[in-house]
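S.K.: Would you mind keeping the following structure in view while I ask a few things?
We did not get these values from a lab; they are worked out from the coordinates using the rules stated. Keep in mind that this is a model prediction, so the values were computed, not measured. Here the Cβ positions follow ideal geometry from the backbone for every residue, glycine too, while neighbour counts run over all protein chains shown.
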Amino acid sequence: MTSTSTSIAPIVITPPPLDRSRHAAPQVFEHLRELIIGMRLAPATVLQRAELAAQYGLSQTPIRDALIKLGEEGLVDIFPQHATVVSAVNVTLARQAHFLRRSIELEVVHTLAAQADAALVNRLRDSIEVQRVLAGRENYAEFVLADQAFHRQMYEAAQVPELWSMVRRQSGHLDRLRNLHVPIPGKTARVLRDHAAIVDAIAAGDPAAAQAALREHLSGTLAQLEEIRQRFPHYVKD
């Protein structure tokens, strides 16, 4: 481990109340993962096991287990007997997650357009309006969550909700890139436009148009990779 990493001071975390009816480690993992993906724990942030245990009010065992799981997703680098550091955004893993998500969602929107369910179309359009309000308020964190809810609805409507869970588990690095990208001027407007095009194609019962709109939508973040890299050069690695 380099001296640069060891010199970074650990951050203070304010954890939510833990559900005592559930195991602690998954809750710590979920909370830390949310902070990392939301870039509230930026790359190179040091996570000291003892300090995390004190902040969560737990022993070091569930903290260790949570950190190991974060390491398995490539969201942290673990240096045994020393510290754990939030990893840089890995572009290779982000590209792989994008490939997986695009492959699945092309089939999802094809299925939904073939069904042309009017009730689903109304729900999706309501979701877009929620996103529009959040974009107008520049509430980017909630906008990203509303964006995810929009896509989750489509998986559920296609009756493949477990695939959504799988995609989410694989998308940590892609989601971190998206969280860096969303505040860039014009990004939320494009997301809203793309979502509307997807829903319009589903409403029209046009699977090919739905797939074309989805393909265009999912190309956005990686297409702007160089701009993201220029804005956040220390956050991104190949």
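S.K.: What residue among Pro17, Phe143, Thr61 has its Cα farthest toward the positive end of the dipole of the chain, where the charges are +1 on Lys, Arg and -1 on Asp, Glu, each on the Cβ?
M.R.: Thr61
S.K.: Between beta-carbons, use under 10 Å as the cut-off and find the net charge around Glu73, counting Lys and Arg +1, Asp and Glu -1. Mind showing how you got there, number by number?
M.R.: Values: positive: Arg33, Lys69, Arg169; negative: Glu72.
Cβ neighbours under 10 Å give a net charge of +2.
S.K.: Net charge near Val236, counting Lys/Arg +1 and Asp/Glu -1 over other residues with Cβ under 14 Å of its Cβ?
M.R.: On the way: positive: Arg95, Arg176, Arg178, Arg229, Arg231, Lys237; negative: Asp175, Glu226, Glu227, Asp238.
Spelling it out: positives minus negatives among the neighbours equals +2.
S.K.: Expressed in nm², what is the orientationally averaged projection area of the convex hull enclosing the Cα positions of the chain?
M.R.: Details: hull surface 54.3 nm².
Its average projected convex-hull area is 13.6 nm².
S.K.: Using the Cα atoms as the points, what is the convex hull volume per residue of region 1-133 in Å³? Mind dumping the intermediate values first?
M.R.: Numbers: hull volume 22.3 nm³, N = 133.
Enclosed volume per residue, from the Cα hull, is 167 Å³.
S.K.: Moving to a separate point now. Please report the antiparallel percentage of the DSSP beta bridges confined to the chain, to the nearest 5.
M.R.: On the way: 6 of 8 bridges.
The antiparallel proportion sits near 75 percent.
S.K.: Further question: Taking 0.36 nm per residue of sequence separation and subtracting the Cα-Cα distance, how much length would be gained by fully extending the chain between Glu227 and Ala212, in nm to one decimal? Could the numbers behind the result be given before it?
M.R.: Details: separation 15, 0.36 × 15 = 5.40 nm, distance 2.44 nm.
Extending this stretch completely gives an extra 3.0 nm.
S.K.: Listed highest first by mean packing, meaning other Cβ atoms within 10 Å per residue, what order do 78-88, 174-184, 50-60 come in? If you can, show how the numbers build up before the last one.
M.R.: On the way: 78-88: 16.9, 174-184: 20.6, 50-60: 15.0.
Going by the mean number of other Cβ atoms within 10 Å, highest first, we get 174-184, 78-88, 50-60.
S.K.: Here is a follow-up. Residue by residue, what Karplus-based ³J(HN,Hα) values in Hz, rounded to whole numbers, does region 113-126 have, using 6.51, -1.76 and 1.60 with θ = phi - 60° and x for Gly and Pro?
M.R.: After applying 6.51 cos²θ - 1.76 cosθ + 1.60, I find 5, 5, 8, 6, 7, 4, 5, 5, 4, 5, 5, 5, 5, 4 Hz.
S.K.: Apply the Karplus parameterisation 6.51 cos²θ - 1.76 cosθ + 1.60, with θ equal to phi minus 60°, to every residue of region 223-238 and state each ³J(HN,Hα) to the nearest whole Hz, in sequence, with x for glycine and proline.
M.R.: Taking θ as phi minus 60°, the curve returns 5, 9, 4, 5, 5, 4, 4, 5, 6, 10, x, 8, 9, 10, 9, 7 Hz for region 223-238.
S.K.: I've got another one for you. May I ask for the net charge around His217, where only other residues with Cβ less than 13 Å from the Cβ of His217 are counted and Lys, Arg are +1 while Asp, Glu are -1?
M.R.: Working: positive: Arg101, Arg102, Arg178, Lys187, Arg190, Arg193, Arg215; negative: Glu105, Asp147, Asp194, Asp200, Glu216.
Here the count lands on +2.
S.K.: Cα centroid distance between region 107-149 and region 175-193, in Å?
M.R.: Centre-to-centre distance over Cα atoms comes out at 15 Å.
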